[in-house]
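These notes are about the structure you will find just below.
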Amino acid sequence: MSRRTLIKAAAATGATGLVPGLQSAVYAQGSDKPEKEEVRIGFIPLTDCASVVMASVLGFDKKYGVKIIPTKEASWAGVRDKLVNGELDMAHVLYGLVYGVHLGVGGPKKDMAVLMTLNNNGQAITLSKKLADKGAVDAASLAKLMSTDKREYTFAQTFPTGTHAMWLYYWLASVGVNPMKDAKVITVPPPQMVANMRVGNMDGYCVGEPWGHRAIADGIGITAVTTQDIWKDHPEKVLGTTGEFVKKYPNTARAVMMAILEAGRWIDAGLQNKNKMAETVADKSYVNTSVDVINQRILGRYQNGLGKTWDDPNYMKFFSDGAVNFPYLSDGMWFLTQHKRWGLLKEHPDYLAVAKQVNQIDLYKQAAGALKISIPASPMRSSKLIDGVVWDGKDPAKYADGFKVKV
């Protein structure tokens, strides 16, 4: 029996169940009842954990027969280790971290899976107030200061293969600064960024919100660039798990994806929902900060700490009619090109083959299809980044080798 036939049959008999139109009697015939009903999802205290948290808080998970247990983690290395050893079933996780683990870069090697993208945009690069006072307020003025005021400059990212490291490196390289030669780069967990800058441990950092805005609120840093200005609508966090989990619990994976897709749709639906989300995730059990540090940028209201304010149309998005959530193969491949560019990968991988193995496009299409969410025509997309270079996924090796500034 096909799933459609099952649903019709169930509807005809007036059946009800957690999955619309299916009853438990039907589950026995290879239906989509979740194989595992409690799912532990790790998250780091960042605004972009919101769709995972809200799926649980608003009960979207129950609708699909699963219980999401959000678990707060201290660092991305901790998230990686707990995913690999099975303490966590899934995680709100850095795109590049998943790919790094899959290829054995930056830790143990294990087959990994990206189920969906959780958000686009909404990270920032912060420079210390001390640098800003010396005139370094953007990439060009920073490069100028670094060339005239010679010393060791220290910048922080959150994980060696992660998104924040790649945005930081790309931005510095766009003005001729080689992050591997011309600066010292350290790894600091997101919630510790502001405290480390306050005591002078770094000159700048790249991290997700609310820790960019928090530096401005605390008067210790300025926003030099937003990541959406580096790459408009860039992929950021994903819902990640192991390849093993997907094989063993495909229905559970799909149920969780549907709950989180609904939560993302709910967040993006309007101002009231965004404010409610900000209030919820600001709580100490999640991000542990004040609501006003979260809600300004979530509404696209930006200030740079130097008196400039603006409304950014490309603020953090969680849904955008599914455009955010589709796990584009080209997005995953881009991180691999940067891992190669910066020497994290010694050889060119088979970019497309790796992306096809990691990104669970078929499973995503099933989840999105069931919710009548738009699915793009192609698993590749084209974008122009801050340096004017276009990425379209067509020739990843040539792209990775084509940068002037690289290892």
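Quick notes
- Total residues in the stretch 368-407, condition open to solvent by less than 40 Å² (accessible area, probe 1.4 Å), of a type in the set (A, V, I, L, M) and in contact with a strand residue (DSSP E or B) (Cβ under 9 Å, 6 or more places away or on another chain): 2
- Residue match in the stretch 394-403 (condition: at pLDDT 95 or above and farther than 26 Å from Gly176 by Cβ): yes
- Tyr328 vs. criteria open to solvent by 30 Å² or more (accessible area, probe 1.4 Å), within 14 Å of Asn119 (Cα to Cα), in contact (Cβ under 8 Å) with a residue 40 or more places away in the chain and of a type outside the set (A, V, I, L, M): no
- Residue within the stretch 232-255 that is in contact with a Lys or Arg (Cβ under 8 Å, 6 or more places away or on another chain), assigned to a strand (DSSP E or B) and aliphatic (A, V, I, L, M) present: no
- Complete set of residues in the stretch 121-173 that are touching a strand residue (DSSP E or B) at 6+ places or on another chain (Cβ under 7 Å) and small (Gly, Ala, Ser): Gly122, Ala124, Ser128, Ala132, Ala136, Ala139, Ala156, Gly162, Ala165
- Among the residues making up the stretch 310-326, a single one is touching a Leu at 6+ places or on another chain (Cβ under 9 Å) and at positive phi: Gly322.
- Number of positions in the stretch 184-224 that are buried (at least 19 other Cβ atoms within 10 Å of the Cβ) and not in a strand (DSSP E or B): 18
- Filter result for Gly107 (open to solvent by 10 Å² or more (accessible area, probe 1.4 Å) and among the small types (Gly, Ala, Ser)): yes
- Filtered residues of the stretch 110-141 (kept if hydroxyl-bearing (Ser, Thr, Tyr), open to solvent by less than 10 Å² (accessible area, probe 1.4 Å) and over 21 Å from Ala217 (Cβ atoms)): Thr117
- Inter-residue pairs, beta-carbon under 7 Å, first farther than 16 Å from Ile267 by Cα and in a strand (DSSP E or B) and in the stretch 299-321, second among the hydroxyl-bearing types (Ser, Thr, Tyr) and open to solvent by 20 Å² or more (accessible area, probe 1.4 Å), 6+ apart: Tyr302/Thr309; Gln303/Thr309
The values are calculated or read from the model by the stated rules, or taken from the named source; none is laboratory data. Source: prediction; values computed, not measured. For neighbour counting, all protein chains shown are included, and Cβ atoms are generated from backbone atoms with ideal geometry for every residue, glycine included. Accessible surface is based on the protein model in full, side chains and every heavy atom, while ligands, DNA and RNA are left aside. Shrake-Rupley method; radii C 1.70, N 1.55, O 1.52, S 1.80 Å.
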